Amino acid sequence: IAPARITGLPPALLPKVLRLPDWLFGLLARRMLAIGPQARSSMWDDLKRGRPTEIDELQGAVIRLARQAGIPAPMNERVAALVRQAEAEKRGPPGLGPDAVSAIPGKV
């Protein structure tokens, strides 16, 4: 069985790439792991179809762990609240990027 080629590099080279200095790995990783402009997540699909998302299993888990450790997680809480709001409104994915999410203080 041969490993699948999922990047621009042959799978046999990946262990060597992972040992590169961070700055060089960062340059290569950006090229190898570029996300296509039409790529969508399963959560996006769920919101588009008006289905419940897995936000509580994903962001909710991070929020619970942060609380257990006594660490604030305001961005995780904000993202989770915005997704729950989008679920409730059933208007599809809200299309909020990082700037829009961080620009809504206290509105969640």
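Just a few scattered comments:
- The residue of the range 88-108 that is modelled with the lowest pLDDT, among those that are under 22 Å from Ala39 (Cα atoms) and part of a helix (DSSP H, G or I), is Ala100.
- Residue among Gln68, Gln85 that alone is at pLDDT 95 or above, outside any loop (DSSP other than H, G, I, E, B) and not assigned by TED's automatic domain parsing to the domain that holds Pro10: Gln68
- Evaluation of Leu24 against (1) modelled with pLDDT of 85 or more; (2) surrounded by fewer than 10 Cβ atoms within 10 Å (Cβ to Cβ) (one fails), failing number: (2)
- Test result for Pro37, surrounded by 13 or more Cβ atoms within 10 Å (Cβ to Cβ), in a loop (DSSP other than H, G, I, E, B) and at pLDDT below 90: no
The values are calculated or read from the model by the stated rules, or taken from the named source; none is laboratory data. Quantities reported herein were computed from a predicted structural model and do not represent experimental measurements. Cβ atoms come from the backbone with ideal geometry, glycine included; neighbour counts cover every protein chain shown.
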